[in-house]
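Read the structure below first, then the notes.
What follows draws every value from the coordinates through simple rules; no lab data is involved. Here the structure is a predicted model, which is why all the values come from computation and not from measurement. All Cβ positions, even for glycine, are placed from backbone atoms using ideal geometry, and neighbour counts span all protein chains on display.
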Amino acid sequence: MAEVHKLSITVNGEKFEHWVPARLLLSDFLRDTIGLTGTHLGCEQGVCGSCTVLLGGEAIRSCLMFAVQADGAEVTTIEGLGEPSQPNAVQRAMHDAHALQCGFCTAGIVVGLTGLLQNCAHPSSEEVLDTLGGHLCRCTGYVNIRKAAAAAVASYAAEEE
Amino acid sequence: MKPPRFDYFAPASAQEAVSLLAEHSDEARVLAGGQSLVPLMNMRLARPSVLVDINRIPGFGLVGLDDGQVTLGATVRQGAALADSELARRVPLMTAALRHVGHPQNRARGTVVGSLAHHDPAAELPAVALALDAEVTAASARGTRPIPAGEFFVAYYTTALEPDELATHVRFPVAAPNTGAAFEEFCRRTGDFALVGVAAQLTVDDGHVRDARLAFVAMADHPIRARKTEAALTGKAITPQTVTEAARLTVEEDGLEPADDIHAPADFRLSVLPVIAERAISLAWSRATAQEDGR
């Protein structure tokens, strides 16, 4: 008999209530239950970073969390960051540095870097690399992603002043 | 892949958690950070029919700082522990090792106690616990018992915890003054599990090693305490030569059975061990003497 659990969750500022099976991953809840397909599935093992979301403002791997665990939590997905007409600093930097090709890993990286910069205004290059290390990209060879990250760090610092 | 069905409980107390484990015992797994368990479930390598989520138990997220020891509750996150400057001061070996545990996205959820209870043989924290003679507290419906690190790590993914037991805390001794700690590992990408890892801590007194603690990661199906190497360092003034000689002893430690697999052959791991050990010992020494010099 399939058992379901009540899930009350805020995603990108909007409240949702659903009954979900315990085995439903947070990543699949976001994609399939509420239709936010910007969060991608690459490995479902916690390595590739394409499923990265912010949980309470902190970057996590949504494929390693069951949706029920996020009951009462606030989640931010890529859809909650910036607008096409007004990208956030990380999105702008990724665009300007041509830091994407197929774009599959991009959402995760934008969320991951945004989370880092929101929590740590002046991350060291080691800290940036450590965050980027949790993301796999099959297209770009990472050089432009690193340039974008450095530019995003600089523009966050500039915006602060 | 997706995990198969399971019954899910999120108890609000330790008592409730251990009752659930007593009731479901062999079929139940504890869910803390999920950074090791959920990948296994997603790949269907682990198929618990019951999951006991301990993340809602108040008190499990607490760090206790007492004279002489530090206590971490079961849901203290690796990332929070790494960022904690009080812990860095008191348990520098754990802080040094935490930098190598996965990436920030894993450490945001992964727990220190969970890493010990899961006991991946290439994980960094079990070696830290062994080097420091840490103590894990196991709770069940039958009561609680302390399990010293020396008895805790049994084999791959196997600890001394009984199926109905929950690791509720880990206790680390506070480092004495003039102590330096270092964790070095060899792996192909930062954040990977170690192919070879060495945790080293030295306490110096008047330019000599008063206490040496050394443990290896991934050199057997459990962390190895390097007693021979420790003995070779104790009482010595560390020079590059004593470090090199001590590092050579690492391959003679009892119980070395490095894995021979697609990640690295066994003889390669053995050839890398003294190199990593030398780096870790040297770094621990320079940090210890920096303390002594008041730098």
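A few comments on the model shown:
- Dividing the helix sum by the residues of the protein assembly as shown, where each DSSP H run of 4 or more adds -39500 (n - 2.57), gives a mean residue ellipticity at 222 nm of -9500 deg cm²/dmol.
- Long-range HN-HN contacts of A:Leu36 with modeled amide H, under 5 Å: A:Arg31
- Modelled spin-label separation between B:Glu292 and B:Ala266, with each label point placed 7 Å from Cα along the Cα-to-Cβ direction: 3.9 nm.
- Nearest-0.05 FRET efficiency for B:Glu252 and B:Asp192, computed from C-beta distance (R0 35 Å): 0.85
- Computed 3J(HN,Hα) for the range A:36-42, one whole-Hz value per residue from the Karplus formula 6.51 cos²θ - 1.76 cosθ + 1.60 where θ = phi - 60°, is 8, 8, x, 7, 9, 10, x, glycine and proline marked x.
- Hull shadow area, averaged, chain A [alpha-carbon convex hull, nm²]: 9.5
- Most fluctuating residue given options B:Ala127, B:Ala264, B:Ala175, as computed from a GNM of chain B linking Cα atoms under 10 Å: B:Ala264
- Partners for A:Lys15 among lysines (Cα-Cα distance below 26 Å; same-chain residues under 8 apart left out): A:Lys6, B:Lys2
- Rounded tilt (10° steps) of B:14-24 against the dominant C-alpha axis of chain B: 70
- Beyond 23 Å, the tail of the calculated P(r) for the range B:1-119 holds 34 percent of the Cα pairs.
- Prolate/oblate/rounded label for the protein assembly as shown (Cα gyration tensor, a/c 1.5): oblate
- Residues whose placed amide H lies under 5 Å from that of B:Gln69, excluding near-sequence neighbours: B:Val174
- Taking the charge dipole of the range A:7-83 about its Cα centre, with +1 at Lys and Arg Cβ atoms and -1 at Asp and Glu Cβ atoms, the residue from A:Ala73, A:Thr10, A:Leu24 reaching farthest to the positive side is A:Leu24.
- When only the Cβ of Lys, Arg, Asp and Glu is charged (+1, +1, -1, -1), the dipole of the range A:31-161 relative to its Cα centre reaches about 500 debye.
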